[in-house]
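All remarks here apply to the structure that follows.
The values are calculated or read from the model by the stated rules, or taken from the named source; none is laboratory data. Remember, predicted model here, so these are calculated numbers, not experimental data. Here the Cβ positions follow ideal geometry from the backbone for every residue, glycine too, while neighbour counts run over all protein chains shown. We work out accessible area using only protein heavy atoms, side chains counted, and drop any ligands, DNA or RNA first. Shrake-Rupley method; radii C 1.70, N 1.55, O 1.52, S 1.80 Å.
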Amino acid sequence: MTIVSNPGIPAASNEMAVMGSASCHSRAGGGAGKPRCRRIPACAGMTASSKFVSTVVTLAALRQIMLLGLVGGLGLTVPSARAADTLSLRPRLLVLTDIGGDPDDQQSMIRLMVHANEFEIEGLIATASGTPGELKEKRTRPDLIREIVTAYGQVQPQLAEHAPGFPPVAELLARIKSGNPQRGRAAVGEAHDTDGSRWIIACGDKPDRRPLDIVIWGGQTDLAQALWRVRQERGAAGLQQFQARLRVYDIADQDGIFAWMSSEFAGMFYVLGQAPPGQDKRLGVFRGMYLTGDESLTARAWIDEHVCRNHGPLGAPYPPKTWTAPNPHSALKEGDTPSWLFFLPNGLGDPAHPDWGGWGGRFVRNDAGIWRDAQDPLDDKTDARLTVSRWRPAFQNEFAARMDWCVKSRAEANHPPVAVLNGDVTRTVLLLDAATGERVTLSAQGSYDPDGPPIKVSWFVYPEAGSYPGAIALAETAAETTSLSTPPVEQTQTVHIILQVEDQGRPPLSSCRRAVLTMHPSRIERK
C-alpha cells in the first residue's frame, strides 16, 4: 500500500473536490474516448421522486463542503467534510426485536446505539421475545430496550463530541413501542393491532421521500399486522402505495409467516437472510457476524477489552456470553446486526442494490422478486456467511473505536478516514461508463484522516458484485491513482472497483468507496 500524506481540507482542495465532481457529471456529454460518470445517492430509494430529492440534498451538501473549505482557508477548525452529507442523507431505520430471549439482541442494540448518528431511528419495537418455543411465557420486553437507551443517554454528550447527529435520549425513548406477545398467522387480523403495528403505519405514512428501512431481528407478526390493517382500511391500491415506501431486511423468517406474507402482500422490497430449505440453519448469511472468518474478533477477550470493561455505562451491560456454536468462544454473536449494517451508509454498499454486497451481506434476487443469500467464493471456500465475515475486521474496529468515544476525548480517540473518489467527497456510489478499449482512471486524491496522520490507500475488484465473468487487472493496487483498460465485451457488462483508505490509529479504521464501471461493446455515443 502507498502512504498518502494527509492533505487536510484547505479551501483549494475542497474546491477541487467539488469541481471534480461537477466535471465528472459534465463528462456524460463530453467528447469521445473519456468514460462517462454518474453518481447514485447514498439513500437511493425505489421511486424516481426519492432519487431526485436525494440528488438535491447531495448538491446542498457539496455547497456546504465548499463553505467548509473557505473556513479552512482562514485557518479555523473545520468538521469532517462529510458531516453535511452524513446528516442530510441518514437512512430512516425501524427495528423489530425479539429482545428478552437470546441476549444477542441486547448486544446488537448496544452496537446500534454507538452508530445512532448514522441513522434517523424511527422506532424500536419489542416483538414477541425469543424464538418460537424458547420461553415458557409469551411476552414482550420493551423495558430491556429502555435500559439500553437510558445507558446511551448517559454517554450521548460524550459521543456528540466525536461526530454530529447523535439523537437526544428523550427522542429515542419516545420511539420505543411494544408489539404482540403472540406470533404467527393466527395473531394477524382484526383485534390484533398493537402499539408496535400502529407505529409502523405512522412511520410509513410520514411525508418523507426517503424509504423506511425495517429490520426484523425477531418475528414479522407486527409488520404483517400493519400491512393487513392498511389493506383493510385503504384497499389494494392503498396497500401498494404504503408498501412502496418500505424496505425490509428479515432475519430468518422467525415467525414462519414469510411465505404467507409474500403472497398476501406481494411486491415489497424484501431481503430474507436465511439458509436454503433443508440445510443447516447456521449457514444463513447473517451468521457471518460470528461464524467463518477471523473468529478471534468475537472472543470474550475482545469484547472485554473493547466493549465491556472500562467503556462506561453503555459497555457495561453488553452480555458477555451467548450461544455461538460452532464458534468456540460463546461470547459475541449479534446475529441480528447484519440487518442494519446493510443500511449503514459507509460508502461500500447501496441498499437499493443488495446484489452489490457490503457489511450486511450480499444477496441475489429470485424469480419471486425476493432477495436471498448469495453464495460467494473466498479463499477457496464458497459460503453465504463469507459475504459478511469478510468485512469483520473493518466493522469490529469501527465498533471498538465508537465504544472508545463513550469514554475518551476527541484527541484521545480514533475517527474514520475520509475516502474521496475521483474528487467526490460524499459516500455515494460512482457510476462510470466506458467502451471496449477505453482507459479508465480512478483517483483517491484528497482522501485524508481527520486525526492527522497519513493514510494507506488500496484498490481491489469485487468480482461477484459485477457481471463481467473474466479477471480485471488494475494497474495499481496500492497507489493513490489506479487505472484499467476495458476488455472486449460482446454485451454490456459491469465491474465493481473498491477504494479502501485506512488510517494508522488505534484501532485502525478504514473507509471505502465503490465505483461501478459499465463496459459497453462499442463506442458510446455522447451528445
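If you keep only loop residues by DSSP, which GluC sites (Glu not before Pro) in the range 134-199 have at most 10 other Cβ atoms within 10 Å of their Cβ? Within the range 134-199, the qualifying GluC sites (Glu not before Pro) (loop, at most 10 other Cβ atoms within 10 Å) are 137, 190. A 1.4 Å probe over all protein chains sorts 321, 281 by accessible area into 281, 321, starting with the largest.
Need one number for the range 289-428: average projected area of the convex hull over its C-alpha atoms, nm².
Details: hull surface 42.5 nm².
Result: 10.6 nm².
A Förster radius of 41 Å, combined with the Cβ-Cβ distance separating residue 244 from residue 310, puts the computed FRET efficiency at roughly 0.30. Taking a sphere under 9 Å around the Cβ of residue 455 and counting the other residues whose Cβ falls inside, with K and R at +1 and D and E at -1, yields a net charge of -2. Between residue 485 and residue 134, what is the label-point separation in nm under the 7 Å Cα-to-beta-carbon projection? Going from the residue 134 label point to the residue 485 one covers 5.6 nm.
Which of the trypsin sites (Lys or Arg not before Pro) found in the range 106-194 are in a DSSP loop and have at most 11 neighbouring Cβ atoms, other than their own, within 10 Å? Walk me through the numbers before you get to the answer.
Details: sites: 111, 136, 138, 139, 146, 175, 177, 183, 185; in loops: 136, 138, 139, 175, 183.
Qualifying residues, ordered by number: 136.
Starting from the Cα of residue 476, step 7 Å along the direction of its Cβ; do the same at residue 380; then give the gap between the two resulting points in nm. Label-label distance for residue 476 and residue 380, simple model: 3.3 nm.
When its C-alpha radius of gyration is set against 2.2 N^0.38 Å (N residues), the range 184-256 gives a value of 1.05. Remark on the range 357-451: ratio of C-alpha radius of gyration to 2.2 N^0.38 Å is 1.47. Compared with the rule-of-thumb size 2.2 N^0.38 Å for a compact globular protein, the range 289-334 has a Cα radius of gyration ratio of 1.10. Which pairs, out of 206/333; 333/456; 281/381, put more than 26 Å between their alpha-carbon atoms? In this structure, 206/333; 333/456 exceed 26 Å between Cα atoms. Our estimate of slack between residue 441 and residue 300, defined as 0.36 nm per intervening residue step minus the Cα-Cα distance, is 46.3 nm. Every pair of different Cα atoms in the range 84-241 enters the Kirkwood calculation, which places the hydrodynamic radius at 16.3 Å. Applying the criteria of a DSSP loop state and at most 10 other Cβ atoms within 10 Å to the GluC sites (Glu not before Pro) of the range 411-490 yields 412, 490. Using only the C-alpha atoms, the convex hull of the range 396-527 corresponds to 110 Å³ per residue. Between residue 366 and residue 186, the distance separating the two model label sites (each 7 Å from Cα on the Cα→Cβ line) works out to 2.6 nm.
Per-residue extension of 0.36 nm, minus the Cα-Cα distance of residue 266 and residue 193, leaves a gain of 24.2 nm for this segment.
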